[in-house]
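What follows is one structure encoded as structure tokens, with my remarks underneath.
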Amino acid sequence: MNGMTSAHLPPDVLVVGAGVSGLATALRLAEAGQCVTLLDRGPVARESTWAGAGILSLLLPWDYPEAVNALAERGRRLWPEWIERLQALTGLDAEYRVSGMLVADAGRTAQASAWGERYGRRVEPPPEGLGHSAPHLGDGLWLPEVAQVRNPRFARLLESAVRTLGVEIRPETAVTGFDVRQGKLHAVETRAGRLVCGRAVICAGAWSRDLLGPLAFGLDIRPVRGQILLLSGRPGLLPCVVYRGGRYLVPRADGHVLVGSTLEEAGFDKSTTAEAGKSLRAFALETWPALRAAAIERQWAGLRPGSPGNLPVIARHPEVDNLYLNAGHFRYGLTMAPAAAELITALVLGNRPALDPSPYAWPGA
């Protein structure tokens, strides 16, 4: 059926959550010939997918465990072909580009070099002259292969691709419960009515644990607020992504620069604070003084799906045979999206996955 949905037939797979994880999962399932319906409690891709900075890399990859690196590296390798195919399918441009990332005051150069050798990644001294613009460069490192994408534009592109493949998208359709009997999900209850489905994949990001309620079964996924400042500059003012001390600067092609991001345990509060705005502005000017010429244009906040060790859960439910989860990617949902969608689709369809799924199993299973 190539993803075509009939009003008289329940979908093969119901995907709950229309952020990047849900959209990528729905896309992959539709490409595999499944009839897919995609729900979201709000507009499509307006939470962390829209709010993020779009860096397609772990920020300090040599500080992460193997399971996080394996998923991120698989995603990074899939991204170039994935974005090319999606842009050709939709005719939209998500501003994917390889801009490189300067890691200021990197330290741990031996670990970074070992990571580069292990994964076939280039880890080099900063290009000559770059340090003159970055007083805090210190013993910096240059990762020339790091790419980025413009989040809101990519969200529109991915939504368009999913619709093109025949997936039915139902925004503003909040899930209110699950009809589970004898270890099987029979239907999902929503504010718009009851939806029968063959299988369901929860991709609700920071809301996944609360949405599942008594079915959460040991999940530890929580909202972690991140605030970002948007500066309006000129093209070329910042030549690459710059990471320093847990925060980053991301240049866009039109001269805008994103300054991020805070890590705040604030529950589901998405409000912004003047204190965070001042702190981010100070970080930008200390890190790249030329940004003094860039005016503050906007500030916003998003809620990341925080998880222990940044490790997502991509797995079948331990007690409900036809219920699955793809959530908890923390800061790296965009980076991991094609690989996570590939893995959950293999599990749903009973195919052999490209990655070992065991590190992403449901906690307590």
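The values are calculated or read from the model by the stated rules, or taken from the named source; none is laboratory data. Given the structure is predicted, the values throughout are model-derived calculations rather than measurements. In this analysis, Cβ positions are derived from the backbone assuming ideal geometry, glycine residues included, and neighbour counts consider all displayed protein chains.
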Considering only residues that are part of a loop (DSSP other than H, G, I, E, B) and not aromatic (Phe, Trp, Tyr), look in segment 355-365 and name the one that is nearest to Tyr324 (Cα to Cα). Ala361
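Considering only segment 249-264, state which residues are closer than 16 Å to Ala290 by Cβ and part of a strand (DSSP E or B).
First pass over segment 249-264, keeping only residues closer than 16 Å to Ala290 by Cβ: 249-252, 255-259.
Within segment 249-264, Leu249, Val250, Pro251, His256, Val257, Leu258, Val259 meet the criteria.
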Over 24 Å from Ala94 (Cβ atoms), surrounded by fewer than 21 Cβ atoms within 10 Å (Cβ to Cβ) and without any contact (Cβ under 8 Å) to a residue 12 or more places away in the chain - does that describe any residue in segment 263-274? yes
May I ask you to list the residues in segment 265-289 that are among the basic types (Lys, Arg) and in a loop (DSSP other than H, G, I, E, B)? Lys270
For Gly120, are the conditions met, namely being farther than 30 Å from Val36 by Cα, within 24 Å of the chain's Cα centre (by Cα), surrounded by fewer than 17 Cβ atoms within 10 Å (Cβ to Cβ) and not assigned by TED's automatic domain parsing to the domain that holds Cys35? yes
Give Arg352, Arg298, Arg292 a once-over and let me know the one that is basic (Lys, Arg), modelled with pLDDT under 95 and either more than 16 Å from the chain's Cα centre (by Cα) or part of a loop (DSSP other than H, G, I, E, B) (or both). Arg292
Which pairs turn up if I take residues in segment 278-296 that are in the same structural domain as Gly245 (by TED's automatic domain parsing) and look for partners that are of a type in the set (D, E, K, R) with beta carbon separation below 6 Å, at least 6 apart in sequence or on another chain? Phe283/Arg247; Leu285/Arg292; Thr287/Arg244
Determine which single condition Ala192 fails, assuming it passes every other condition in (1) at pLDDT below 95; (2) in contact with a helix residue (DSSP H, G or I) (Cβ under 7 Å, 6 or more places away or on another chain). (2)
For Glu81: the one exception among (1) surrounded by fewer than 21 Cβ atoms within 10 Å (Cβ to Cβ); (2) closer than 27 Å to Ser261 by Cβ: (2)
How about segment 239-261: which of its residues are closer than 15 Å to Leu143 by Cα and not hydrophobic (A, V, I, L, M, F, W, C)? Pro239, Tyr243, Arg244, Tyr248
Go through (1) of a type outside the set (Lys, Arg); (2) closer than 23 Å to Pro11 by Cβ; (3) modelled with pLDDT under 95 and name the single condition Leu343 misses. (3)
When Val103 is evaluated against the numbered criteria (1) outside the structural domain of Tyr64 (by TED's automatic domain parsing); (2) at pLDDT 95 or above, which criterion, by number, is the only one it fails? (2)
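Every residue, every condition in (1) surrounded by 22 or more Cβ atoms within 10 Å (Cβ to Cβ); (2) farther than 26 Å from Ile221 by Cα; (3) not assigned by TED's automatic domain parsing to the domain that holds Thr49, yes or no:
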site: Glu159; (1), (2), (3): yes, no, no
site: Leu165; (1), (2), (3): no, yes, no
site: Pro171; (1), (2), (3): no, no, no
site: Ala174; (1), (2), (3): no, no, no
site: Val180; (1), (2), (3): no, no, no
site: Val188; (1), (2), (3): yes, no, no
site: Gly198; (1), (2), (3): no, no, no
site: Val201; (1), (2), (3): yes, no, no
If you take the residues in segment 203-221 that are within 15 Å of the chain's Cα centre (by Cα) and not in a helix (DSSP H, G or I), which one is farthest from Phe178 (Cα to Cα)? Ile221
Give the residue, chosen from Gly198, Gly177, Gly236, that is more than 22 Å from the chain's Cα centre (by Cα) and modelled with pLDDT under 95. Gly236
Filtered residues of segment 26-52 (kept if in contact with a strand residue (DSSP E or B) (Cβ under 8 Å, 6 or more places away or on another chain) and either at positive phi or buried (at least 24 other Cβ atoms within 10 Å of the Cβ) (or both)): Ala26, Leu29, Ala30, Val36, Leu38, Leu39, Asp40, Glu47, Ser48, Gly52
Do we have Leu219 as surrounded by fewer than 22 Cβ atoms within 10 Å (Cβ to Cβ), touching a Lys or Arg at 6+ places or on another chain (Cβ under 9 Å) and either at pLDDT 95 or above or of a type in the set (Asp, Glu) (or both) here? yes
Pairs only if they're at least six apart or on different chains, beta carbon under 9 angstrom, first in segment 339-355 and on the phi < 0 side of the Ramachandran plot, second modelled with pLDDT under 95 and loosely packed, with under 15 Cβ neighbours inside 10 Å; list them, first residue then second. none
